[in-house]
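One structure is given here, and the rest of the page talks about it.
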């Protein structure tokens, strides 16, 4: 059975309505065409028989014409094998019946004047006549005037007989149509179930996704729109599952990263409050609190920035920006860190390369890249910019041990930290800013040792 309100039920009902309307139209057309065909077939047959009988009668002598029973043998011969049986009349020009096969119209009776005017005129008569209380389809043939007969042979078929045949054929047609409708209805139910089955699977899949129950694939083995929808939902499930895992990992990492500076701030502030640290130790404790507070603020700012990625365009202020100035600011900001680690920063950038960009955010990108390179470099970090058609390529390269295969796989994930990594947010932030500028960023290893990150940005000139 089909559930009420289900799509299978609606498909079945819509198909049933179409089938019923088609059946009704076919039945009406069959009824009209069959009725016309039977009457026309009767007329054609009667005309031919009237022509044949009239030809035979015309060859007889005038004394024989009108002799009782003369026409019965000829008429019976012509009616052999006919499905639709008929009657005959032989009428003279005054309407007197010379011979008849109709009991209600015996020989010697006179036909009504209106009927006589129709059937005794020269030529061929073809049409309907009413004799007594009976309606007939009739065909008449006027006999040869030269033989001085002036009589008409009239062959008739009862309309009631045609209607009986018509009704019998119509009943057979309706029975056949009903059986066909039942078969079509059965096929419709099967088809509706076949169509609705993948929809039910997709519905169940949607409910599972809504409940964050990922990992169950829906199998729709069809090459139509339903199959494509099933593939799209499976792909959506995989992406949502990845997003769900990433979200859980993000909150775990975020709570861990935020907890470390908070614990330091809490511990040192309580020590100062309780008098554990005094004098120089208290000042050192306050320095630690200030440093960890700044670190915590930077992490919160970075998280807020990443959360706004793809948000309102007013976050960015695009204007003409000199690439060389951007790179110089980034390098200058990392000179102290580089000196502490005995790393030399080398900048090679062509002048007057203008970008349509948010200068402050690009500085932030290259600060993150240079700082990351300094932490992993052995002696030197190179920052090199080169012009290509329609774009500028900036490479930040160190001479350290390079990226591991695991680093390259997870480098752009939030809170991922390799050896000597920072907060794990610098590279994701850099990627977000570069992509917002319509550029790309890629990481790889340099032959001979070292890591390199290349940023490609569109240039104005």
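The values are calculated or read from the model by the stated rules, or taken from the named source; none is laboratory data. Owing to the predicted nature of the structure, the values given are computational and were not obtained by experimental measurement. All Cβ positions, even for glycine, are placed from backbone atoms using ideal geometry, and neighbour counts span all protein chains on display.
Note on segment 373-385: among residues that are in a helix (DSSP H, G or I) and in contact (Cβ under 8 Å) with a residue 60 or more places away in the chain, the one that is surrounded by the fewest Cβ atoms within 10 Å (Cβ to Cβ) is 376.
For segment 151-160, the criterion of being assigned by TED's automatic domain parsing to the domain that holds residue 41, touching a helix residue (DSSP H, G or I) at 6+ places or on another chain (Cβ under 6 Å), part of a helix (DSSP H, G or I) and at pLDDT 75 or above is met by none of the residues. Residues in segment 411-423 that are at pLDDT 65 or above and either closer than 11 Å to residue 443 by Cα or over 42 Å from the mean Cα position of the chain (by Cα) (or both): 2 in all.
Table: residues versus (1) touching a residue at least 60 places away in the same chain (Cβ under 8 Å); (2) surrounded by 16 or more Cβ atoms within 10 Å (Cβ to Cβ); (3) under 30 Å from residue 242 (Cβ atoms); (4) more than 22 Å from the chain's Cα centre (by Cα).
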residue	(1), (2), (3), (4)
166	yes, yes, no, yes
185	yes, no, no, yes
190	no, no, no, no
197	no, no, yes, no
229	no, yes, yes, no
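Among the candidates 337, 355, the residue that is surrounded by 14 or more Cβ atoms within 10 Å (Cβ to Cβ), modelled with pLDDT of 80 or more and touching a strand residue (DSSP E or B) at 6+ places or on another chain (Cβ under 9 Å) is uniquely 355. Within segment 397-414, the set of residues being over 11 Å from residue 377 (Cα atoms) and either without any contact (Cβ under 8 Å) to a residue 40 or more places away in the chain or surrounded by 17 or more Cβ atoms within 10 Å (Cβ to Cβ) (or both) comprises 403, 404, 405, 406, 407, 408, 409, 410, 411, 412, 414.
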